Ligand code: F6P
């Protein structure tokens with residue numbers, strides 16, 4: 001194990017103190033976005049960035065030129081650039097697991113083979129070897145060359161996985177839903193049997209392919225669901241008379257209907273899946289950073305290799321930008337630093353992500369794992385305690401639905417909630433309501449919300465509408481609610497890859513400032529262990545008596561009412 005270099009304590013840097021003083025000055029001057037815009041005609045130009053086809057406007061954030069300067073200085077003080085370079089070159093920056101962090105290698109072009117040898121492995125060559133196998137397999141399934149055990153082509157895929165082995169593929173599958181799909185994919189993640197039974201309802205085992213996705217191939221939910229779907233599939237094939245249920249026919253059915261994605265190919269084989277039907281990835285790909293590894297197989301099955309290549313190219317474009325752009329102009333780094341600004345100086349507790357595109361409806365859920373499993377930590381990468389508040393609570397919902405739900409609190413509540421708005425100029429489904437382009441109505445809402453949040457509505461403006469004096473305060477909008485607008489051309493695979501990589505690196509920047517290892521996830525272990533201990537207590541009194549009083553009482557209730 002390499003020696004672990006202690007992170008710089010960001011709170012003891014002069015840059016941190018400068019930011020704190022700067023924040024106090026802004027507060028006493030009663031910072032106003034309206035004023036920022038009126039006094040600086042260059043504000044929008046200075047705070048707008050073109051990241052490939054994404055246009056990102058940071059101008060409605062609670063920052064001045066001085067803030068940006070100080071944030072960049074803070075980023076330099078904690079060594080964002082050298083740590084970024086260490087990550088890209090395969091240093092073991094995941095210290096608690098002693099691993100390299102190389103999801104960025106997953107999207108490097110094949111021509112980079114030989115350029116990244118880490119721990120003796122030619123990472124890019126290995127990535128493309130697996131990609132090529134996946135593409136060949138997907139082409140066979142999509143064209144009907146690959147057949148189920150009765151000789152019928154595959155129409156449906158059941159994907160079993162959870163966390164990073166589910167959220168990324170589902171999000172991408174949904175996000176690209178405007179494109180034609182060669183197969184339908186049904187994602188089963190929850191150990192709740194309701195999930196499985198709803199997803200396999202109406203499927204024909206003869207035309208269904210199961211993809212079991214698990215980095216470790218030990219996850220309770222996934223292994224339980226994998227066994228359950230195997231029982232469903234073999235039972236269905238037997239009752240339909242497609243197989244006789246003997247060992248040979250079962251083995252043939254599994255070979256035709258089961259594939260796996262994992263880093264643990266030994267356990268895949270023990271489960272009974274032919275190693276020929278297994279697609280590997282590596283310990284240097286974290287679960288929540290793995291949608292662009294073999295974990296994305298279901299996406300390739302649905303949309304095809306070309307679309308996946310576009311997705312990877314989008315990721316790679318942001319990787320290159322993040323590496324090559326000086327921090328001052330690096331919108332990826334600036335977004336991460338601004339999140340720190342809000343969390344640590346403005347006391348923001350959470351961060352909303354609001355996609356004005358229904359196809360992105362799973363994007364907030366995806367980001368929740370990416371950001372919170374990465375940075376929800378109170379220990380730094382050398383085992384010492386963090387020195388400031390860390391992590392942001394990410395949440396959100398597709399616009400305009402959210403407007404009729406929780407936006408009230410963002411506009412007029414007492415919490416400061418920085419919000420990222422994501423929208424696209426072009427829609428896959430143009431439609432008119434009479435003369436009105438409906439997509440433009442959506443875009444008008446996106447723009448109206450960011451405008452209202454930034455500039456609000458004054459008491460004078462409310463009075464001018466003839467509002468009774470006692471009601472004026474209820475109708476005032478303070479403004480100064482920070483937003484970032486991410487505006488793209490259209491939601492395609494390339495833009496989606498860019499969006500995901502953008503948030504991956506934002507998360508990295510925040511983690512670096514806080515001194516956190518953003519690539520481990522020890523916080524999920526205790527619950528997993530306790531679930532194993534608790535399971536016998538439903539039936540066994542000795543196991544029950546070993547539980548705490550509250551858990552005992554809850555199990556007693558369960559025992560009383562269960563049928
Ligand atoms: O919940 C913890 C976690 O390890 C996630 O980080 C991961 O994405 C998920 O479980 C699934 O793990 P696996 O892919 O090993 O089944």
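At-a-glance table
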{"quantity": "Tilt relative to the chain, helix 331-340 - C-alpha long axis, 0 to 90 degrees, to 10", "calculated": "80 degrees"}
{"quantity": "Extension gain (nm, one decimal) between residue 20 and residue 143, 0.36 nm per residue minus Cα-Cα", "calculated": "38.3 nm"}
{"quantity": "Sequence ranges 490-497, 397-404, ranked by mean other-Cβ count within 10 angstrom, highest first", "calculated": "490-497, 397-404"}
{"quantity": "Ranked list, fewest to most other Cβ atoms within 10 Å of each Cβ, for 257, 92", "calculated": "92, 257"}
{"quantity": "At R0 = 51 Å, FRET efficiency that the Cβ-Cβ distance of residue 38 and residue 179 yields, to 0.05", "calculated": "0.70"}
{"quantity": "Relative contact order of region 229-295, pairs being alpha-carbon contacts under 8 Å that are 6 or more residues apart, as %", "calculated": "23 percent"}
{"quantity": "Residue order, fewest to most surrounding Cβ atoms within 10 angstrom, among 485, 143, 89, 262", "calculated": "143, 89, 485, 262"}
{"quantity": "Computed FRET value (nearest 0.05) for residue 313 with residue 152, which takes r as the C-beta separation and R₀ as 35 Å", "calculated": "0.50"}
{"quantity": "Helix 247-257 axis, angle to the chain major axis (alpha carbon atoms, nearest 10°)", "calculated": "30 degrees"}
{"quantity": "Length-normalised contact order for region 377-498 - Cα pairs under 8 Å, 6+ apart - percent", "calculated": "31 percent"}
{"quantity": "Pairwise label distance in nanometres, residue 126 with residue 533, each label 7 Å out on the Cα-Cβ vector", "calculated": "3.6 nm"}
{"quantity": "Quotient of Cα Rg and 2.2 N^0.38 Å for region 410-507, N being how many residues it contains", "calculated": "1.40"}
{"quantity": "Where a label projected 7 Å from the Cα of residue 9 along Cα→Cβ would reach, residues of region 370-384 with amide N under 17 Å", "calculated": "378-384"}
{"quantity": "Residues 393, 154, sorted so that the one with the fewest Cβ neighbours within 10 Å comes first", "calculated": "393, 154"}
{"quantity": "Sequence ranges 309-315, 187-193, ranked by mean other-Cβ count within 10 angstrom, highest first", "calculated": "309-315, 187-193"}
{"quantity": "Computed label-point distance, nm, for sites residue 136 and residue 50 using a 7 Å Cα→Cβ extension", "calculated": "4.2 nm"}
{"quantity": "Full-extension gain in nm, residue 429 to residue 382, via 0.36 nm per residue minus C-alpha separation", "calculated": "11.9 nm"}
{"quantity": "Translational diffusion coefficient (Stokes-Einstein; Kirkwood radius from C-alpha pairs) of region 202-284 at 10 °C, 1.306 mPa s, in µm²/s", "calculated": "121 µm²/s"}
{"quantity": "Cβ crowding within 10 Å averaged over residues, with 32-45, 324-337, 363-376 ranked highest first", "calculated": "363-376, 324-337, 32-45"}
{"quantity": "For region 49-105 versus region 512-540, the gap between their alpha-carbon centres in whole angstrom", "calculated": "29 Å"}
{"quantity": "Difference of contour (0.36 nm per residue) and Cα-Cα distance, residue 110 to residue 441", "calculated": "114.9 nm"}
{"quantity": "The chain, helix-only ellipticity at 222 nm - DSSP H runs n ≥ 4, -39,500 (n - 2.57), divided by all residues, nearest 500", "calculated": "-13500 deg cm²/dmol"}
{"quantity": "Taking the chain and dividing mean pair separation by its residue count, relative contact order in percent (alpha carbons under 8 Å, at least six apart)", "calculated": "19 percent"}
{"quantity": "Degrees separating the helix 438-455 axis from the principal Cα axis of the chain, which is the longest one", "calculated": "50 degrees"}
{"quantity": "Surface/4 of the Cα convex hull for the chain, nm²", "calculated": "32.2 nm²"}
{"quantity": "For region 347-378 versus region 107-128, the gap between their alpha-carbon centres in whole angstrom", "calculated": "31 Å"}
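Quick note: the coordinates plus some simple rules give every number you see, no bench work behind them. Values in this document were obtained by computation on a predicted structure and should not be read as measured data. Ideal geometry is used to build each Cβ from the backbone, glycine not excepted, and the neighbour counts take in all protein chains shown.
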